[in-house]
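First comes the structure, then the notes that go with it.
The values are calculated or read from the model by the stated rules, or taken from the named source; none is laboratory data. Small disclaimer: the values here were computed from a predicted structure and weren't measured. All Cβ positions, even for glycine, are placed from backbone atoms using ideal geometry, and neighbour counts span all protein chains on display. For the accessible areas, the whole protein counts, side chains as well, though only heavy atoms, and no ligand, DNA or RNA atoms are used. Shrake-Rupley method; radii C 1.70, N 1.55, O 1.52, S 1.80 Å.
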Amino acid sequence: MTPRQVFLIIVLGLLFLGMVLILIQRHMFREKYAILWLGSSILFILTPLFYDYFIEIGIFFGIMNPASFFFFFAIVEIFLLCIQFTVALTVSFNQRKITIQNLALLEQRVRDLESRVGLQGK
């Protein structure tokens, strides 16, 4: 990698890391979901520093082209993000379902109590 490429990747990685940290600090990004983003930004920063090691790992797995190796990791990261979002949505859906069921039970209870009070007042 040329020095310009190394500089650009490190600066973009630091900006990305800073953005993630600011979003966490402003409570716009929950900590438990930020782990993958923090890991991605740190890996992004470390990529030019350990470029040769990443190339050797790629060759070990049979990926001869460095661009293909990094593209493969980008696809894996997107896949992990999809799994993370699916889990979050499933948990949210289940919590919402339980809340709606509890609300329906409470509304039924209020109607029952109102009907009892109405019968006793007559």
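Here is how the number arises for the chain: DSSP H runs of 4 or more residues each give -39500 (n - 2.57), the sum is divided by the residue count, and the result at 222 nm is -30500 deg cm²/dmol. State the percent of C-alpha pairs, over all pairs in region 6-72, separated by a distance greater than 14 angstrom. Distances greater than 14 Å cover 63 percent of the Cα pairs. Ranking Leu36, Leu23, Tyr53 by Cα position along the charge dipole of the chain, where only Lys, Arg, Asp and Glu carry charges on their C-beta atoms, puts Leu23 farthest toward the positive end. The fraction of accessible area contributed by carbon and sulfur in the chain is 71 percent, rounded to a whole number (1.4 Å probe; ligands and nucleic acids excluded). Between Thr2 and Ile100, the simple label model (points 7 Å from Cα in the Cβ direction) yields a spacing of 5.6 nm. Using r as the Cβ-Cβ distance of Glu107 and Tyr33, and R0 as 35 Å, what FRET efficiency do you calculate, to the nearest 0.05? For R0 = 35 Å, the calculated efficiency reads 0.60.
When you count, for each residue, the other Cβ atoms within 10 Å and take the mean per peptide, how do 15-26, 35-46, 85-96 rank with the highest first?
Values: 15-26: 13.4, 35-46: 16.0, 85-96: 10.4.
Packing proxy ranking, top to bottom: 35-46, 15-26, 85-96.
The label point for Ala67 and the one for Leu12, both projected 7 Å from the Cα toward the Cβ, are 1.4 nm apart. Using 1/(1 + (r/R0)^6) with R0 = 35 angstrom and r between the beta carbons of Tyr51 and Leu23, what's the FRET efficiency to the nearest 0.05? My answer for the efficiency is 0.80.
Once divided by 2.2 N^0.38 Å, the Cα radius of gyration of the chain becomes 1.88. Annotation: amide H of Leu49 has no partner in the under-5 Å range at sequence separation 5 or more or interchain, hydrogens built in the peptide plane.
To two decimal places, what compactness ratio does region 34-100 give when its Cα radius of gyration is scaled by 2.2 N^0.38 Å? Let's see the in-between values first.
Details: Rg = 16.9 Å, N = 67, 2.2 N^0.38 = 10.9 Å.
Cα Rg divided by the expected 2.2 N^0.38 Å: 1.55.
In square angstrom, what is the accessible area per residue of the chain with a 1.4 angstrom probe? Numbers along the way, then the final one.
Details: 9900 Å² over 122 residues.
Averaged over the residues of the chain, the accessible area is 81 Å².
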